[in-house]
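Let me begin by presenting the structure, written as structure tokens, before commenting on it.
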Amino acid sequence: MEKFADEALIEVSSGSGGNGCAAFRREKYVPRGGPSGGDGGRGGDVVFTVRRNLRTLSHLRYKQSFKAENGKDGEGSGRFGRNGADIIIPLPPGALLKDAETGKLVRDFGEKEGDFIFLKGGNGGWGNIHFKSPVNQAPRKALPGRRGELVRLRVELRIIADIGLVGFPNAGKSSLLDRFTNARPKIAPYPFTTKIPNLGVLRVDDRDIILADIPGLIEGASGGLGLGIRFLKHISRTSALLFLIDLSEDNFLEAFRLLCAELGAFSPDLPRKPRLILGTKLDLEGTAGRLEELAARYPEEKVLGLSVFSGEGLGGLAGELLRLVDAGTEESP
């Protein structure tokens, strides 16, 4: 839990421009040398860039202040100051930048990638070589550099995945992710084993499907109960949803309705995503009949069953997930 972070407050500032120089030529055979003060260098920019090897904002937890380098001052003999170095801040895919005071969205890196210059550095000041004129042969005027800007930002992360795994605690989401992908989430026979989102990649027909295991929801999660409210926002970036229903639980017939209600209370768009219902733990006694009851309760939904323990139902599930992703891609704007 300590290593995962999906929110951070940071302070960024661009570099100030260097000051212009007021100087004059003082050479042995030039007794009345003219102005020779150079310009100050330009301040560094604040640049955000997407790094696909990052998955959380934990690197922003221990360093909240980022400052670009100031430009160097100009010098005599027409020497201009050096430009300040940019500060480059890496972010994971799916990050959002918001103004910390107003909450206004600055940039959504889920839709746009590449380098983003957020703050420009201040311009360097002019040296006195710019102010020479026929009526003023020896100007002593030089301009200071323009100061950089300072802004406080809230950085949020919404994980980008193809399919989000949704279910109540201990429904088998982590077991499915462990069996199907290269992810190795913590698995234990008690609720709330998963405390952070886990990602895994499923290879189907030379295509990669990214699965996101979201911590289990409980009734009232959209209102702040349990762990789910903190991570419901991550489901908004998925193309489709896979609802896992524990067939060994007494409320298996109502679980899907309750899960949809929690998603809809958080965002009306979530229940509209393409979805598939998956009854889990088919290896337990009596669950096969319960799977038939579940399919009869929701005839308009596609209902499948599986057992991660015995492997029953795993064979055709990969193809169904691929079709689910394609359906979500077609419906996406």
| Restricting the search to the stretch 225-234, which residues are modelled with pLDDT under 65 and either charged (D, E, K, R) or touching a helix residue (DSSP H, G or I) at 6+ places or on another chain (Cβ under 9 Å) (or both)? | L227, G228, I229, R230
| remark: Of the candidates R237, R272, R297, the one satisfying the condition of being surrounded by fewer than 21 Cβ atoms within 10 Å (Cβ to Cβ), under 34 Å from the mean Cα position of the chain (by Cα) and modelled with pLDDT of 85 or more is R272
| query | So S307 clears everything in (1) in a helix (DSSP H, G or I); (2) modelled with pLDDT under 90 except one condition, right? Which one? | reply | (1)
| query | Does S14 fit the bill of being of a type in the set (S, T, N, Q) and at pLDDT 95 or above? | reply | yes
| said: Suppose the filter is loosely packed, with under 15 Cβ neighbours inside 10 Å, of a type in the set (D, E) and closer than 24 Å to I210 by Cβ; does D108 pass it? | reply: yes
| field | Filtered residues of the stretch 230-270 (kept if among the small types (G, A, S), out of contact with any Pro (no Cβ under 8 Å at 6 or more places or on another chain) and closer than 28 Å to L282 by Cα) | value | S248, A255, A261
| query | Which of the following residues is outside the structural domain of S236 (by TED's automatic domain parsing), under 28 Å from the mean Cα position of the chain (by Cα) and either crowded, with 17+ Cβ neighbours inside 10 Å or not in a helix (DSSP H, G or I) (or both): G71, G114? | reply | G114
| field | Condition met for E219 (at pLDDT 80 or above and surrounded by fewer than 19 Cβ atoms within 10 Å (Cβ to Cβ)) | value | no
| message | So the check is Cβ under 8 Å with 6+ separation or different chains; which pairs have a first residue in the stretch 29-55 that's closer than 21 Å to E75 by Cβ and a second one that's of a type in the set (D, E) and modelled with pLDDT of 85 or more? | response | G37/E75; G38/E75; G40/D73; G41/D73; G43/E69; G44/E69; G44/D86
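The values are calculated or read from the model by the stated rules, or taken from the named source; none is laboratory data. Here the structure is a predicted model, which means the values were calculated and not measured. Cβ: placed from backbone, ideal geometry, glycine included. Neighbour counts: every protein chain shown.
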